[in-house]
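Colleague: To start, I am sharing the structure in question, which I have written as structure tokens.
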Amino acid sequence: MKKYIVAGLLVWMPLAITIAVLSWLLGAVDGVFAWFLSASQAVLPQSAHAGIERLRHVPGLSVIVLAALLILTGAFAANIFGQWWLRQWDRVLGKIPIVKSIYNSVKQVSDTLFSSSGNAFREAVLVQYPRQGSWTIAFVTGRPGGEVAAHLPADMLSVYVPTTPNPTSGFFLMIPRADVIELKMSVDQALKYVISMGVVVPPPPAAPRPVVARN
């Protein structure tokens, strides 16, 4: 009986957790969309309130609106005119006390993580942490810079060591490149390995095909 219960949990638990996470995300999006509709009712005339109320009951409308907003924003930011306006927006927010510190920090991190030209989380490595002889998976985020680099030896790497099973929290380390072992597994495979606490083992890298001489 215990074996069957465990087998059933292994079947339904991933699906249940996936549904729970998606439900939470959809709830958050619906909450923002509902707030936007309420704000619209406060601005628009009374004659438009009935139409806004009907929008509240359209299933999946918030997700469609969010996807359309992201696509339009991306298209706007991808051209020269949109980039000029974004620079002006950044300049305005950069002059507001407190706001500029939060906004600039978040923008720098997001640009580093999600930019196609960035180097963050492009490589999975092995490092010794939290002590010598104890190894864990880390992700290379770049190299130390500025004043920090002036106090460190040359050829150092900045790495992020995620926690398990929640990789969104972790530790930022600066270690010598010589102490890092590069892995051939992809970042996605390494994340699965970390999240599963070592249960989901990535397949070994494929061996190179032998070169066959042609006559």
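The values are calculated or read from the model by the stated rules, or taken from the named source; none is laboratory data. On a predicted model such as this, the values are computed, not experimentally measured, just so you know. Ideal geometry is used to build each Cβ from the backbone, glycine not excepted, and the neighbour counts take in all protein chains shown. Just the protein is used for accessible areas: all its heavy atoms, side chains included, with ligands, DNA and RNA removed. Shrake-Rupley method; radii C 1.70, N 1.55, O 1.52, S 1.80 Å.
Colleague: Of the residues S101, S116, only one is open to solvent by less than 100 Å² (accessible area, probe 1.4 Å), within 22 Å of the chain's Cα centre (by Cα) and at pLDDT below 85; which? Write out each step before concluding.
Modeller: Numbers: S116 fails: open to solvent by less than 100 Å² (accessible area, probe 1.4 Å).
Criteria check complete, one pass: S101.
Colleague: Here is a follow-up. Just to be sure I understand, how many residues within the stretch 133-147 are farther than 25 Å from M197 by Cβ and either open to solvent by 70 Å² or more (accessible area, probe 1.4 Å) or part of a strand (DSSP E or B) (or both)?
Modeller: Going through the stretch 133-147, the residues farther than 25 Å from M197 by Cβ turn out to be 142-147.
If we keep only those that are either open to solvent by 70 Å² or more (accessible area, probe 1.4 Å) or part of a strand (DSSP E or B) (or both) too, we end up with 142-143, 147.
The total comes to 3.
Colleague: Would you point out which residue out of A34, A48, A28 is modelled with pLDDT under 80 and surrounded by 11 or more Cβ atoms within 10 Å (Cβ to Cβ)?
Modeller: Numbers: A34 fails: modelled with pLDDT under 80; A28 fails: modelled with pLDDT under 80.
Only one candidate qualifies: A48.
Colleague: Let me ask something else. Taking the stretch 136-162 as the region of interest, how many residues are in contact with a Pro (Cβ under 6 Å, 6 or more places away or on another chain) and at pLDDT below 90? Explain how you work it out, then say what you get.
Modeller: Of the residues in the stretch 136-162, the ones in contact with a Pro (Cβ under 6 Å, 6 or more places away or on another chain) are 152, 156, 158.
If we keep only those that are at pLDDT below 90 as well, we get none.
Result for the stretch 136-162: 0.
Colleague: Something else about it: If only one of G60, G82, G74, G8 is small (G, A, S), out of contact with any strand residue (DSSP E or B) (no Cβ under 9 Å at 6 or more places or on another chain) and surrounded by 12 or more Cβ atoms within 10 Å (Cβ to Cβ), which one is it? It would help to see each step written out before you state the result.
Modeller: Working: G60 fails: surrounded by 12 or more Cβ atoms within 10 Å (Cβ to Cβ); G74 fails: surrounded by 12 or more Cβ atoms within 10 Å (Cβ to Cβ); G8 fails: surrounded by 12 or more Cβ atoms within 10 Å (Cβ to Cβ).
Within the list G60, G82, G74, G8, the selection yields G82.
Colleague: Mind listing whichever residues of the stretch 163-215 are in a strand (DSSP E or B) and modelled with pLDDT of 90 or more? Steps first, answer last, please.
Modeller: The initial filter retains those residues of the stretch 163-215 that are in a strand (DSSP E or B), namely 170-176, 181-182.
Residues satisfying the conditions are F171, F172, L173, M174, I175, P176, I181, E182.
Colleague: Right, next: Within the stretch 1-15, is even one residue under 30 Å from S196 (Cβ atoms), hydrophobic (A, V, I, L, M, F, W, C) and part of a loop (DSSP other than H, G, I, E, B)?
Modeller: Initial filter on the stretch 1-15 (under 30 Å from S196 (Cβ atoms)): 1-15.
Filter once more, keeping what is hydrophobic (A, V, I, L, M, F, W, C): 1, 5-7, 9-13, 15.
Now restrict to residues that are part of a loop (DSSP other than H, G, I, E, B): 1.
Scanning the stretch 1-15 turns up at least one residue that is under 30 Å from S196 (Cβ atoms), hydrophobic (A, V, I, L, M, F, W, C) and part of a loop (DSSP other than H, G, I, E, B).
Colleague: List the residue pairs whose Cβ atoms are under 6 Å apart, where the first residue sits in the stretch 180-197 and is open to solvent by 50 Å² or more (accessible area, probe 1.4 Å), the second is of a type in the set (A, V, I, L, M), and the two are 6 or more positions apart or on different chains.
Modeller: The qualifying pairs are I181/L126; E182/V125; K192/V200.
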